[in-house]
């Protein structure tokens, strides 16, 4: 079985891909902060001041979920966009369907 080299082994391609990933994550961090702020305003208008812990937990929950989803999707885009997915060997590709 022949091992294919990954395009991410090239430092220039890897630097470009990680720079793009970091730019995506910076954008998503700012977008997440904006969404959390809007959610806090909506919650305050709907229910008033309940407890500071309620707002902290809501902000952390929304922020963590959004940043985790954007980090994982960013890694999928990085892997697919650089051709790293094509370098993976599929042991079942030789079998007939």
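The values are calculated or read from the model by the stated rules, or taken from the named source; none is laboratory data. Note that the coordinates shown come from a computational prediction; the quantities given were computed from them, not determined experimentally. Reconstructed Cβ throughout: ideal geometry from the backbone, glycine too, with neighbour counts over all protein chains shown.
Residues that are under 30 Å from residue 89 (Cβ atoms), out of contact with any strand residue (DSSP E or B) (no Cβ under 8 Å at 6 or more places or on another chain) and modelled with pLDDT of 90 or more are absent from the stretch 44-61 altogether.
Does the stretch 57-69 contain at least one residue that is surrounded by fewer than 14 Cβ atoms within 10 Å (Cβ to Cβ), assigned to a helix (DSSP H, G or I) and touching a helix residue (DSSP H, G or I) at 6+ places or on another chain (Cβ under 8 Å)? No, because not a single residue in the stretch 57-69 is surrounded by fewer than 14 Cβ atoms within 10 Å (Cβ to Cβ), assigned to a helix (DSSP H, G or I) and touching a helix residue (DSSP H, G or I) at 6+ places or on another chain (Cβ under 8 Å). Consider residue 35 carefully, then state whether it is surrounded by 12 or more Cβ atoms within 10 Å (Cβ to Cβ) and under 21 Å from the mean Cα position of the chain (by Cα). Here the answer is yes, as residue 35 does meet what is asked. Would you say residue 82 is surrounded by 10 or more Cβ atoms within 10 Å (Cβ to Cβ) and over 30 Å from residue 16 (Cα atoms)? Considered against the rule, which asks whether it is surrounded by 10 or more Cβ atoms within 10 Å (Cβ to Cβ) and over 30 Å from residue 16 (Cα atoms), residue 82 comes out as no. How about the stretch 32-49: which of its residues are free of Cβ contacts under 8 Å to residues at least 24 places away in the same chain and either touching a helix residue (DSSP H, G or I) at 6+ places or on another chain (Cβ under 8 Å) or assigned to a helix (DSSP H, G or I) (or both)? Selection gives 34, 37, 38, 39, 40, 41, 42, 43, 44, 45, 46, 47.
Being surrounded by fewer than 15 Cβ atoms within 10 Å (Cβ to Cβ), within 30 Å of residue 89 (Cβ to Cβ) and at pLDDT 90 or above is true of residue 73.
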